[in-house]
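*Asks:* Here you go, one structure.
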Amino acid sequence: MKSVSGVFSAVIVTTLLALSACGGSVDDEGNSKEEGPSCGLVAACGGDPTGSWTMDETCLDPSMFEDLNKGCDGEIDISGMVVSGRAEFRADNTYVTTITHQGPIKAVYPAACLAAEDIPITCAQLSVKMQRAAAGKESPLTSAECAHAGADCACTFVFGRITTPSTGTWSVSGSILTLEPEGAEPEENPFCAQGSSFTRGFPVSAGGDASGPIRHYMRFTKE
């Protein structure tokens, strides 16, 4: 059974995933917004990503969150998170990307999941803890609140507008795009660039199949 620290960790990990992408369609302002329960599979075809691109679709499959809920049947909803972005891959093998996200993440936790150092806490106590976290000087949250939903505890964490830039160098090997961000570890992304469409998958995890279909992705259109 996960303790409340495990619950907090799940929210944090979910947030980090949301920083990269979450969504399925574009809203009235051209921002990507998630809808639908799963992503379609996209072939990692390789190609040439050189050019300037605007994000118009992103998708996270629910399977990404299976590990977060082991030992706790919590539900995490990122459908309210709005993401927009742009990427520029230059001919000199340097790149610049900018991803912006904001909006709510909702989580519903069974009472059995709520514990601090194995000591049970109430939903109201969890709400106080999260409100204090949201009020922190470095917190990305604008608000956080939990309330009873039957026997469960339903929480809403609202994130302010956060823009994450990245610069570095890029290279391609087959259907793998390798990004080497300045001051960070390299990451490998399965990708497919065809004509005016560029689909960038999430970094391949250790032991992952880089040649397999892309399940979680960001899709861009050439400017």
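*Asks:* GluC sites (Glu not before Pro), restricted to the range 104-170: which are DSSP loop and have at most 11 other Cβ atoms within 10 Å?
*Replies:* GLU117, GLU138
*Asks:* Additional query: Only sites in a loop by DSSP and with at most 15 other Cβ atoms within 10 Å count here; which trypsin sites (Lys or Arg not before Pro) in the range 124-223 make the cut?
*Replies:* Hits after loop and neighbour filter: LYS137.
Values in this text are rule-based calculations from the coordinates and carry no lab data. Because the structure is a prediction, the values reported are computed rather than measured. With ideal geometry, Cβ positions are generated from the backbone for all residues, glycine too; neighbour counts draw on all protein chains shown.
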